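The values are calculated or read from the model by the stated rules, or taken from the named source; none is laboratory data. Remember, predicted model here, so these are calculated numbers, not experimental data. Cβ sites come from the backbone with ideal geometry, for glycine too, and all protein chains shown count toward neighbours. Surface accessibility is based on the protein's heavy atoms, side chains included, excluding ligands, DNA and RNA. Shrake-Rupley method; radii C 1.70, N 1.55, O 1.52, S 1.80 Å.
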Amino acid sequence: MRSKRVGGLTVEVYRDMRELINAAAELLFSQLRSKKESVIGLATGSTFLPFYAYVSANYRKEGISFRDAVTFNLDEYYPIANEDSNSYHSYMTANLFSKIDIQAANVHIPDGSAVNPDLEVMEYEGAILRAGGIDLQFLGIGRNGHIGFNEPGTSFESRTHVTSLTDSTLAANRPFFPDSGSPMPVKAITMGIATILSAHRLVLLAFGKTKSDALYAALNGPVTKEVPASVLRKHGKATFMVDEDALGEMF
Ligand code: F6R
(Lines give C-alpha, C1' and ligand atoms only; values in the text may rest on other atoms or scores of the structure.)
Protein backbone atom coordinates (compact mmCIF):
# COMPACT_ATOMS: atom_id res chain seq x y z
CA MET A 1 0.00 0.00 0.00
CA ARG A 2 1.20 3.51 -0.79
CA SER A 3 -0.41 6.66 0.52
CA LYS A 4 -0.58 10.34 -0.27
CA ARG A 5 -2.10 13.42 1.39
CA VAL A 6 -4.56 15.38 -0.76
CA GLY A 7 -5.79 18.49 0.99
CA GLY A 8 -6.93 17.31 4.42
CA LEU A 9 -7.39 13.68 3.47
CA THR A 10 -5.25 10.60 3.09
CA VAL A 11 -5.46 8.47 -0.04
CA GLU A 12 -4.37 4.87 0.51
CA VAL A 13 -3.74 2.99 -2.72
CA TYR A 14 -4.03 -0.82 -2.67
CA ARG A 15 -2.94 -3.22 -5.37
CA ASP A 16 -6.41 -4.68 -5.82
CA MET A 17 -9.87 -4.94 -4.34
CA ARG A 18 -8.98 -7.87 -2.10
CA GLU A 19 -6.15 -6.03 -0.35
CA LEU A 20 -8.35 -2.97 0.00
CA ILE A 21 -11.24 -4.93 1.53
CA ASN A 22 -8.94 -6.71 4.02
CA ALA A 23 -7.50 -3.36 5.14
CA ALA A 24 -10.95 -1.75 5.46
CA ALA A 25 -12.21 -4.68 7.52
CA GLU A 26 -9.13 -4.46 9.75
CA LEU A 27 -9.93 -0.79 10.32
CA LEU A 28 -13.44 -1.74 11.48
CA PHE A 29 -12.09 -4.52 13.70
CA SER A 30 -9.53 -2.24 15.34
CA GLN A 31 -12.22 0.41 15.92
CA LEU A 32 -14.34 -2.21 17.73
CA ARG A 33 -11.32 -3.53 19.60
CA SER A 34 -10.57 -0.09 21.01
CA LYS A 35 -14.26 0.76 21.71
CA LYS A 36 -16.72 -2.10 21.72
CA GLU A 37 -19.73 0.22 21.86
CA SER A 38 -18.57 2.13 18.75
CA VAL A 39 -21.14 3.87 16.58
CA ILE A 40 -20.47 2.78 13.01
CA GLY A 41 -21.90 4.39 9.87
CA LEU A 42 -22.58 1.87 7.09
CA ALA A 43 -23.13 2.03 3.34
CA THR A 44 -24.67 -0.34 0.81
CA GLY A 45 -24.18 -0.97 -2.92
CA SER A 46 -21.84 -3.25 -4.82
CA THR A 47 -18.69 -1.87 -3.17
CA PHE A 48 -19.77 -3.16 0.22
CA LEU A 49 -20.73 -6.69 -0.82
CA PRO A 50 -17.15 -8.07 -0.58
CA PHE A 51 -16.57 -5.96 2.54
CA TYR A 52 -19.54 -7.44 4.42
CA ALA A 53 -18.68 -10.93 3.18
CA TYR A 54 -15.17 -10.55 4.61
CA VAL A 55 -16.31 -8.95 7.87
CA SER A 56 -18.97 -11.57 8.57
CA ALA A 57 -16.64 -14.46 7.71
CA ASN A 58 -13.75 -13.22 9.83
CA TYR A 59 -14.98 -11.20 12.82
CA ARG A 60 -15.16 -14.14 15.25
CA LYS A 61 -11.65 -15.38 14.54
CA GLU A 62 -10.45 -11.80 15.04
CA GLY A 63 -12.04 -11.91 18.52
CA ILE A 64 -14.54 -9.18 17.65
CA SER A 65 -18.12 -8.87 18.83
CA PHE A 66 -20.78 -6.49 17.52
CA ARG A 67 -22.94 -7.03 20.63
CA ASP A 68 -22.41 -3.50 21.93
CA ALA A 69 -21.91 -1.79 18.57
CA VAL A 70 -24.49 0.63 17.19
CA THR A 71 -24.95 1.18 13.45
CA PHE A 72 -26.51 3.87 11.27
CA ASN A 73 -26.93 3.30 7.55
CA LEU A 74 -26.44 6.21 5.20
CA ASP A 75 -29.59 5.85 3.19
CA GLU A 76 -32.68 3.98 2.02
CA TYR A 77 -34.88 4.27 -1.05
CA TYR A 78 -38.17 6.13 -0.62
CA PRO A 79 -40.83 4.92 -0.71
CA ILE A 80 -40.06 1.26 -0.22
CA ALA A 81 -41.26 -1.38 2.23
CA ASN A 82 -38.54 -2.53 4.62
CA GLU A 83 -39.24 -6.14 3.66
CA ASP A 84 -39.03 -5.44 -0.10
CA SER A 85 -36.15 -7.57 -1.38
CA ASN A 86 -34.67 -4.46 -3.07
CA SER A 87 -34.63 -2.30 0.06
CA TYR A 88 -31.41 -1.50 1.85
CA HIS A 89 -33.03 -3.03 4.95
CA SER A 90 -33.10 -6.35 3.07
CA TYR A 91 -29.57 -5.81 1.71
CA MET A 92 -28.18 -5.20 5.21
CA THR A 93 -30.02 -8.17 6.74
CA ALA A 94 -28.92 -10.53 3.98
CA ASN A 95 -25.30 -9.39 3.72
CA LEU A 96 -24.36 -8.45 7.26
CA PHE A 97 -26.84 -8.30 10.12
CA SER A 98 -28.06 -11.91 9.83
CA LYS A 99 -24.45 -13.07 9.93
CA ILE A 100 -23.05 -11.16 12.92
CA ASP A 101 -23.96 -10.91 16.61
CA ILE A 102 -25.34 -7.36 16.46
CA GLN A 103 -28.48 -6.57 18.47
CA ALA A 104 -31.47 -5.58 16.31
CA ALA A 105 -32.22 -2.68 18.66
CA ASN A 106 -28.81 -1.17 17.87
CA VAL A 107 -29.35 -1.12 14.09
CA HIS A 108 -30.65 2.03 12.41
CA ILE A 109 -31.63 2.48 8.76
CA PRO A 110 -33.85 5.31 7.46
CA ASP A 111 -37.43 4.06 7.22
CA GLY A 112 -38.39 3.97 3.55
CA SER A 113 -41.98 3.24 4.53
CA ALA A 114 -42.38 6.29 6.79
CA VAL A 115 -45.80 7.91 6.33
CA ASN A 116 -44.30 11.23 7.36
CA PRO A 117 -40.80 11.40 5.84
CA ASP A 118 -40.17 14.90 7.25
CA LEU A 119 -40.60 13.51 10.73
CA GLU A 120 -38.50 10.45 9.89
CA VAL A 121 -35.50 12.55 8.80
CA MET A 122 -35.65 14.60 12.02
CA GLU A 123 -35.91 11.47 14.12
CA TYR A 124 -32.95 9.92 12.31
CA GLU A 125 -30.77 12.95 13.05
CA GLY A 126 -31.97 12.83 16.67
CA ALA A 127 -31.09 9.16 16.99
CA ILE A 128 -27.54 9.80 15.73
CA LEU A 129 -27.13 12.62 18.25
CA ARG A 130 -28.51 10.52 21.12
CA ALA A 131 -26.05 7.75 20.22
CA GLY A 132 -23.25 10.29 20.71
CA GLY A 133 -22.45 10.76 17.00
CA ILE A 134 -20.76 8.41 14.57
CA ASP A 135 -17.23 7.24 15.40
CA LEU A 136 -16.41 5.72 12.04
CA GLN A 137 -18.44 6.26 8.87
CA PHE A 138 -17.96 4.09 5.79
CA LEU A 139 -18.78 5.60 2.40
CA GLY A 140 -18.86 4.58 -1.25
CA ILE A 141 -18.74 7.03 -4.15
CA GLY A 142 -21.26 7.29 -6.99
CA ARG A 143 -20.14 7.62 -10.60
CA ASN A 144 -21.34 11.23 -10.37
CA GLY A 145 -19.36 11.86 -7.16
CA HIS A 146 -22.28 11.43 -4.77
CA ILE A 147 -21.81 10.30 -1.17
CA GLY A 148 -24.78 8.67 0.51
CA PHE A 149 -27.52 9.77 -1.86
CA ASN A 150 -26.32 13.37 -1.80
CA GLU A 151 -26.41 14.04 -5.50
CA PRO A 152 -24.43 16.83 -7.23
CA GLY A 153 -25.75 20.24 -6.14
CA THR A 154 -26.64 19.16 -2.58
CA SER A 155 -25.77 21.77 0.03
CA PHE A 156 -22.76 21.07 2.25
CA GLU A 157 -25.03 22.20 5.13
CA SER A 158 -27.62 19.48 4.48
CA ARG A 159 -28.74 17.14 7.26
CA THR A 160 -30.78 13.93 6.77
CA HIS A 161 -33.37 14.63 4.07
CA VAL A 162 -35.50 13.23 1.26
CA THR A 163 -33.80 13.55 -2.11
CA SER A 164 -34.56 12.82 -5.77
CA LEU A 165 -32.14 10.42 -7.45
CA THR A 166 -30.42 11.57 -10.63
CA ASP A 167 -30.57 9.68 -13.93
CA SER A 168 -26.95 8.58 -13.43
CA THR A 169 -27.73 7.02 -10.04
CA LEU A 170 -30.95 5.43 -11.28
CA ALA A 171 -29.05 3.86 -14.20
CA ALA A 172 -26.21 2.63 -11.95
CA ASN A 173 -28.60 1.06 -9.43
CA ARG A 174 -31.26 -0.28 -11.82
CA PRO A 175 -29.53 -3.71 -12.12
CA PHE A 176 -30.41 -4.20 -8.43
CA PHE A 177 -34.12 -3.89 -9.32
CA PRO A 178 -34.94 -6.94 -11.39
CA ASP A 179 -37.98 -6.60 -13.71
CA SER A 180 -39.99 -9.03 -11.67
CA GLY A 181 -39.66 -6.92 -8.54
CA SER A 182 -41.16 -3.61 -7.47
CA PRO A 183 -40.58 -0.47 -9.60
CA MET A 184 -37.44 1.40 -8.64
CA PRO A 185 -38.16 4.36 -6.35
CA VAL A 186 -36.89 7.67 -7.71
CA LYS A 187 -36.37 9.17 -4.26
CA ALA A 188 -34.36 8.26 -1.19
CA ILE A 189 -33.84 9.28 2.41
CA THR A 190 -30.17 10.05 2.99
CA MET A 191 -27.93 11.41 5.71
CA GLY A 192 -26.98 14.90 4.57
CA ILE A 193 -23.47 16.11 3.84
CA ALA A 194 -23.25 17.96 7.17
CA THR A 195 -24.45 14.78 8.91
CA ILE A 196 -21.68 12.79 7.21
CA LEU A 197 -19.06 15.42 8.03
CA SER A 198 -20.07 15.25 11.72
CA ALA A 199 -18.65 11.73 11.93
CA HIS A 200 -15.37 11.54 13.84
CA ARG A 201 -13.65 9.53 11.13
CA LEU A 202 -14.62 8.90 7.48
CA VAL A 203 -13.47 6.10 5.20
CA LEU A 204 -14.46 6.01 1.53
CA LEU A 205 -13.91 2.78 -0.41
CA ALA A 206 -13.62 2.74 -4.22
CA PHE A 207 -12.33 0.06 -6.55
CA GLY A 208 -12.55 -0.59 -10.26
CA LYS A 209 -12.25 1.59 -13.34
CA THR A 210 -15.89 2.78 -13.20
CA LYS A 211 -14.92 4.95 -10.23
CA SER A 212 -11.88 6.66 -11.73
CA ASP A 213 -13.66 9.73 -13.18
CA ALA A 214 -15.51 10.41 -9.94
CA LEU A 215 -12.34 9.95 -7.88
CA TYR A 216 -10.37 12.22 -10.19
CA ALA A 217 -12.99 14.98 -9.81
CA ALA A 218 -13.17 14.51 -6.03
CA LEU A 219 -9.40 14.64 -5.54
CA ASN A 220 -8.17 17.04 -8.23
CA GLY A 221 -10.99 19.42 -9.02
CA PRO A 222 -12.30 22.26 -6.86
CA VAL A 223 -14.14 21.51 -3.63
CA THR A 224 -17.63 22.06 -5.00
CA LYS A 225 -21.14 20.88 -4.33
CA GLU A 226 -21.21 19.67 -7.94
CA VAL A 227 -18.85 16.88 -6.75
CA PRO A 228 -20.14 16.00 -3.28
CA ALA A 229 -17.18 13.74 -2.40
CA SER A 230 -14.78 16.68 -2.88
CA VAL A 231 -15.98 18.09 0.46
CA LEU A 232 -14.26 15.21 2.27
CA ARG A 233 -10.94 17.04 1.66
CA LYS A 234 -12.13 19.53 4.29
CA HIS A 235 -12.86 16.99 7.03
CA GLY A 236 -9.39 16.37 8.44
CA LYS A 237 -9.90 12.72 9.39
CA ALA A 238 -11.04 11.26 6.08
CA THR A 239 -9.30 8.43 4.23
CA PHE A 240 -9.95 7.25 0.68
CA MET A 241 -9.06 3.56 0.33
CA VAL A 242 -8.81 2.90 -3.40
CA ASP A 243 -7.30 0.33 -5.72
CA GLU A 244 -4.95 0.98 -8.65
CA ASP A 245 -7.79 0.58 -11.17
CA ALA A 246 -9.93 3.25 -9.53
CA LEU A 247 -6.99 5.61 -9.25
CA GLY A 248 -6.01 5.24 -12.89
CA GLU A 249 -3.05 7.43 -13.83
CA MET A 250 -3.68 10.00 -11.11
CA PHE A 251 -0.53 9.50 -9.01
C1 F6R B 1 -25.13 3.45 -0.63
C2 F6R B 1 -24.56 4.79 -0.86
C3 F6R B 1 -24.06 5.19 -2.20
C4 F6R B 1 -23.07 4.17 -2.79
C5 F6R B 1 -22.58 4.62 -4.16
C6 F6R B 1 -21.69 3.60 -4.80
O7 F6R B 1 -25.52 3.31 0.71
O8 F6R B 1 -24.54 5.56 0.04
O9 F6R B 1 -23.42 6.45 -2.11
O10 F6R B 1 -22.00 3.99 -1.92
O11 F6R B 1 -23.68 4.84 -5.00
O12 F6R B 1 -22.42 2.45 -5.10
P13 F6R B 1 -21.73 1.14 -5.64
O14 F6R B 1 -20.89 0.61 -4.53
O15 F6R B 1 -22.87 0.20 -5.97
O16 F6R B 1 -20.91 1.52 -6.82
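Annotations
- With DNA, RNA and ligands ignored, accessible area of Lys4 (1.4 Å probe; Å², nearest 10): 90 Å²
- Ordered from longest to shortest, the equivalent ellipsoid semi-axes for the chain are 24, 22, 18 Å, each the square root of 5 times a Cα gyration tensor eigenvalue.
- Separation of alpha-carbon centers, the stretch 189-238 and the stretch 66-140, rounded to whole Å: 21 Å
- Note on the chain: lysine pairs with Cα distance below 22 Å, sequence gap of 8 or more or different chains, count 17.
- Across the options Asn86, Ser38, Ser3, the greatest Cα extent toward the positive end of the charge dipole of the stretch 2-247 (unit charges at beta carbon of Lys, Arg, Asp, Glu) belongs to Ser3.
- Asp101/Phe176 FRET efficiency (R0 22 Å; Cβ-Cβ; nearest 0.05): 0.20
- For Tyr216, solvent-accessible area (1.4 Å; no DNA, RNA or ligand), Å²: 130 Å²
- Taking Lys and Arg as +1 and Asp and Glu as -1, the other residues whose beta-carbon sits under 11 Å from that of Gly41 total -1.
- Per-pair calculated FRET efficiency, R0 = 22 Å: Ser90 and Glu37 via Cβ, rounded to 0.05: 0.25
- Basic side chains Lys and Arg get +1 at the Cβ, acidic Asp and Glu get -1 at the Cβ, and with that the dipole of the chain about its Cα centre reaches some 860 debye.
- In the context of the full protein assembly, Phe149 retains an accessible surface of approximately 10 Å², using a probe radius of 1.4 Å and ignoring ligands and nucleic acids.
- Under 5 Å between amide hydrogens, built in the peptide plane, is the criterion, and for Tyr78 it picks out Lys187, Ala188, Ile189 among residues at least 5 positions away or on other chains.
- Ellipticity estimate at 222 nm from DSSP helix runs (n ≥ 4, -39,500 (n - 2.57)) divided over the chain, nearest 500: -8500 deg cm²/dmol
- Around the amide H of Phe72, modelled in the peptide plane, lie the amide H atoms of Ile40, Gly41, Leu42, His108, all under 5 Å away and 5 or more residues distant in sequence or on another chain.
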